[in-house]
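K.L.:
I have a structure here, written as structure tokens, and I will follow up with some questions on it.
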Amino acid sequence: MDRWPWHLSNAKAWPASGTTLKTGLTQLIARAAASGIEVRWNDAPGVRVSSSAFTRRAHVEALTADLTGAEVTIDGGRLAHDDGQWIPDPTRDEVVSRTPGSVDDLRLRADPVTINGLELRAELALEHTPVEWVVVRKDGRLYGTVDEGSDAEKRASGSFRVSMAQDDIAELALSIARSRMKDASRWTAALTALKLAVVPKGEGRFVVTAGGAGKVFFLPMSARVGFDVEVRPDGTITIHRATAASRSLLTKLLLLPLRPQLRELAGKTAHLSDEALAVEDLAVDAADGRLTVAGRVRAS
């Protein structure tokens, strides 16, 4: 719990001032390095918190985390070992108090940021987000945290956009998987290559192919899986077909139990929207070797 920045002397100290929130968020990002996520800010704008002197501390006017120009390094092995027990959790820890509030303007921006040396562009903007400022007691100490809130009059709404080169997505996944496998399996297994291709097939329809190569006990193995996917503006994703193939005889044998499960995926539909949050105007663009996902969200 030492990594959590908001240690409270009493329950009335939470919610905190805008300055304390900003300092704590900056410390929290810095301390994430112990969990495998290290941020080098460079000239990035960083964290900003704006609160009015005429409103209660529970109501924050604007909270922005802008990582544009920053460099992020993710260590998959260290990240996998972090169980998150140091983070105060209202569903697990004793709740001392809850204070309803809101964040009028919440923005997360990275345009661009490099992750393990690869460029990612992302932006999330939310308005009128209800929150609950929660004080929990753990091991005899008080900590401040934030939970999802509800408000009959204010409903959160906003937009999101994430864009990355398809080759970079595969390379990023490979770098994280390599560090994870090196830590977990040592010499027994290694992933040597990973490829991703998303090809438009029609309006809202895509063929997604992912292939990988590696070694298990020094035996070379390779395989690829393919999906015919339809993405609708309301956040509905339908798999029309799923296949798996390999040029390696050993890998083909290992894929045999998987193939019936892939056939069962045909016609299956998943919904990004749920009872709490609706996804609207979802659009996927796979042009020019990039993969861009954008849309809007609205609290139900």
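The values are calculated or read from the model by the stated rules, or taken from the named source; none is laboratory data. All values derive from a computational prediction rather than experimental measurement. Glycine gets a Cβ as well: all are built from the backbone with ideal geometry, and neighbour counts include every protein chain shown.
K.L.:
Given the condition farther than 18 Å from W4 by Cβ and in contact with a Leu (Cβ under 6 Å, 6 or more places away or on another chain), answer yes or no: does some residue in the range 91-101 qualify?
P.N.:
No: zero hits.
K.L.:
Go through R241, R259, R263 for me and flag whichever is among the basic types (K, R), touching a residue at least 24 places away in the same chain (Cβ under 8 Å) and touching a strand residue (DSSP E or B) at 6+ places or on another chain (Cβ under 9 Å).
P.N.:
From the options R241, R259, R263, the qualifying one is R241.
K.L.:
Just to be sure I understand, how many residues within the range 1-31 are in contact (Cβ under 8 Å) with a residue 12 or more places away in the chain and part of a helix (DSSP H, G or I)?
P.N.:
The qualifying residues number 15.
K.L.:
Is it true that G267 is in contact with a His (Cβ under 8 Å, 6 or more places away or on another chain), farther than 30 Å from T129 by Cα and loosely packed, with under 12 Cβ neighbours inside 10 Å?
P.N.:
Here the answer is yes, as G267 does meet what is asked.
K.L.:
Still on this model: Go through the range 75-128 residue by residue and tally those that are within 24 Å of V279 (Cβ to Cβ) and polar (S, T, N, Q).
P.N.:
Number satisfying all stated conditions: 1.
K.L.:
So is H59 of a type outside the set (A, V, I, L, M, F, W, C) and touching a residue at least 60 places away in the same chain (Cβ under 8 Å) or not?
P.N.:
No; evaluated as a whole, the condition is false for this residue.
Let's see how each residue does on (1) in contact with a Ser or Thr (Cβ under 7 Å, 6 or more places away or on another chain); (2) in contact (Cβ under 8 Å) with a residue 40 or more places away in the chain; (3) not β-branched (V, I, T):
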position: V95; (1), (2), (3): no, yes, no
position: N116; (1), (2), (3): yes, yes, yes
position: E123; (1), (2), (3): no, no, yes
position: L142; (1), (2), (3): no, yes, yes
position: D147; (1), (2), (3): no, yes, yes
position: K154; (1), (2), (3): yes, yes, yes
position: G158; (1), (2), (3): no, yes, yes
position: M164; (1), (2), (3): no, yes, yes
position: I169; (1), (2), (3): no, yes, no
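K.L.:
What's the number of the condition D83 fails, among (1) under 30 Å from A190 (Cβ atoms); (2) in contact (Cβ under 8 Å) with a residue 24 or more places away in the chain; (3) not in a helix (DSSP H, G or I)?
P.N.:
(2)
K.L.:
Hey, can you tell me all the residues within the range 52-78 that are surrounded by 15 or more Cβ atoms within 10 Å (Cβ to Cβ), out of contact with any helix residue (DSSP H, G or I) (no Cβ under 6 Å at 6 or more places or on another chain) and not in a strand (DSSP E or B)?
P.N.:
Answer for the range 52-78, where residues must be surrounded by 15 or more Cβ atoms within 10 Å (Cβ to Cβ), out of contact with any helix residue (DSSP H, G or I) (no Cβ under 6 Å at 6 or more places or on another chain) and not in a strand (DSSP E or B): R57, A58, L67, T68, G69, A70, R78.
K.L.:
Going by what's in this entry, would S35 be described as in the same structural domain as R109 (by TED's automatic domain parsing), at pLDDT below 95, touching a helix residue (DSSP H, G or I) at 6+ places or on another chain (Cβ under 8 Å) and exposed (fewer than 15 other Cβ atoms within 10 Å of the Cβ)?
P.N.:
The answer is no for S35.
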